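Nothing in this text is a laboratory measurement; each read-out follows from the coordinates by a stated rule. This one's a predicted model, so the numbers in the text were calculated from it and none came from an experiment. Virtual Cβ from ideal backbone geometry, glycine too; neighbours counted across all protein chains shown.
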Amino acid sequence: MPTRQRALLILLTLCLLAVGSFGMALMAGSLRVPPGEVLGALFGQGQDSAEIVLQLRLPRAIAAFACGGLLALAGALMQVLLRNPLADPYVLGISGGAGVGAMFALMLGLPVLAVDSLAFAGALGAMFIVFGLAHGDGSWTQTRLLLTGVIVAAGCGALVALMLAIADENRLRGMLFWLMGDLGQSTQWWPALLALGVGLALAMPFARELNLLARGQMQAQALGVAVGRLRWVIYLLASLATAASVTTAGSIGFVGLVVPHLVRLAAGNDQRLLLPASALAGGSLLVLADTAARTLIAPQQLPVGVLTALIGVPVFLFLLSRQPK
């Protein structure tokens, strides 16, 4: 099959998967809504379940799709930037910075808007700290950036542990749910969806240069790629995508690590296809995981980050077992 037709088929399949995941998210729950009533609610017909579909499930599903797409996009970019298959959106401390801001707000009992604002501020703070320390005297290497991110993440983890130790017991559950990833409070879905659209629009023009960078720095420079500029563009895009996702849903692991690997197995390593395909696959996976999180033991809900980890660990071990020795 020609390459263009194969790419279109993969994207079409992932679009159908996204539509199917939304259908499951709108139908499933402690109160099951038949497909006919879901379609009626979406087209403005006033059934009894319309409020459940439009006010509760649809915003949460959109937020889950946007966050999953952001994490997968950031993971794909980070793996090219660091040339490390184990890189994920959280490896450079962005999640840790957001966790510090969110835990501080939750510890003080601040409203949801303040939690989101401080989480985003913490993520940006961690991003600029890593940016400044890794840049240093102007030199830049993947190892230096990675080590700086790991150290900043460790420091943020220590601050989060300190706040958990001194927080009131009646606030610990909410703090732990945020740390494990929770879409239950994600009523503001549009910032994450907007960030996903803008992130993809900004990343796609660099897809050809990313293909060259993935082959090595020297080869990319020999072919005319401004490697220094490209690295910072990738870093800023991946960091902002991670910050937007973490601010909306908390720390949700393994989506940004596993999804790009799965997409590469099916679609290859062409970034022109990998980036949008990863966004679609990551969004669909998180929608399905969140649907399972709120239906498995309904009416109680599980942190969605727990389910993504339970899915991601065996999948990643399977991928490792398939690698050539």
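Using just the Cα positions, wrap the chain in a convex hull and report its mean projected area in square nanometres, one decimal place.
Details: hull surface 73.5 nm².
Dividing the Cα hull surface by four gives the mean projection, 18.4 nm².
Within the set of other residues whose C-beta is less than 13 Å from the C-beta of S30, count the net charge using Lys and Arg as +1 and Asp and Glu as -1.
+3
Would you work out the relative contact order for the chain, in percent, from Cα pairs under 8 angstrom that are 6 or more residues apart? Numbers along the way, then the final one.
On the way: 501 pairs, mean separation 99.6, N = 325.
After rounding, I find 31 percent.
Assuming 0.36 nm per residue, please report the length gained on full extension of the stretch Q300 to R173 beyond their Cα-Cα distance.
44.4 nm
Just to be sure I understand: with springs between alpha-carbon atoms less than 10 Å apart, which residue in A281, A76, A158 has the highest mean-square fluctuation in the Gaussian network model of the chain?
Result: A158 has the largest fluctuation of those listed.
Going highest first, how would you order 221-228, 21-28 by mean Cβ packing within 10 Å?
On the way: 221-228: 12.5, 21-28: 20.2.
For the peptides 221-228, 21-28, the packing ranking is 21-28, 221-228.
Please report the orientation-averaged projected area of the range 89-219, defined via the convex hull of its C-alpha atoms, in nm².
On the way: hull surface 38.1 nm².
Computing the convex hull of the Cα atoms and averaging its projections yields 9.5 nm².
What's the FRET efficiency of A226 with Q45 using the Cβ-Cβ distance as r and R₀ = 51 Å, to the nearest 0.05? Show your work: numbers first, answer last.
On the way: r = 54 Å, r/R0 = 1.06.
Computed FRET efficiency for A226 and Q45 comes out at 0.40.
In a solvent-free Debye calculation with one equal scatterer on each Cα, what is log10 I(q)/I(0) for the range 1-86 at q = 0.23 Å⁻¹, listed in the order of the q values?
Rounded to two decimals, the profile gives -1.07.
Most fluctuating residue of T13, T247, T141 in a GNM of the chain with Cα springs under 10 Å: which is it?
T141
For the chain, what does -39500 (n - 2.57) per DSSP helix run (n ≥ 4), summed and divided by total residues, give at 222 nm, in deg cm²/dmol to the nearest 500? Numbers along the way, then the final one.
Numbers: 14 runs with 241 residues, N = 325.
Computed ellipticity for the chain at 222 nm equals -25000 deg cm²/dmol.
Go ahead and run the numbers for FRET between L56 and Q142, Cβ-Cβ distance against an R0 of 35 Å, rounding to 0.05. Intermediate values should be presented prior to the final figure.
On the way: r = 43 Å, r/R0 = 1.24.
Given R0 = 35 Å and the Cβ-Cβ separation, E is 0.20.
Quick one: order E169, E51 by neighbouring beta-carbon count within 10 Å, fewest to most. Write down the numbers at each step before the final one.
Values: E169 6, E51 11.
Ordered by Cβ neighbours within 10 Å, fewest first: E169, E51.
State which helices in the chain qualify, where a helix is a whole DSSP H run, it must extend 24 Å or more along its own axis by its Cα atoms, and its mean Kyte-Doolittle hydropathy must be at least -0.5. Before the final figure, lay out the partial values.
Values: long enough: 3-27 (36 Å, 1.52); 58-82 (36 Å, 1.77); 112-135 (34 Å, 1.86); 142-166 (36 Å, 1.89); 227-249 (33 Å, 1.13); 271-295 (36 Å, 0.81); 304-322 (27 Å, 2.07).
Correct list, ordered by number: 3-27, 58-82, 112-135, 142-166, 227-249, 271-295, 304-322.
Would you mind telling me which residue in G99, G250, G216 has the biggest mean-square fluctuation in a Gaussian network model of the chain, where springs connect alpha carbons within a distance under 10 angstrom?
Comparing G99, G250, G216 in the GNM, the peak value goes to G216.
Return the equivalent ellipsoid semi-axes of the range 178-286 as a descending list in whole Å, where each equals the square root of 5 times an eigenvalue of the C-alpha gyration tensor. Intermediate values should be presented prior to the final figure.
On the way: eigenvalues 153, 48, 28 Å².
Result for the range 178-286: semi-axes of 28, 15, 12 Å.
Along its principal axes, what span do the Cα atoms of the range 225-325 show, with the longest given first and each in whole Å?
53, 36, 20
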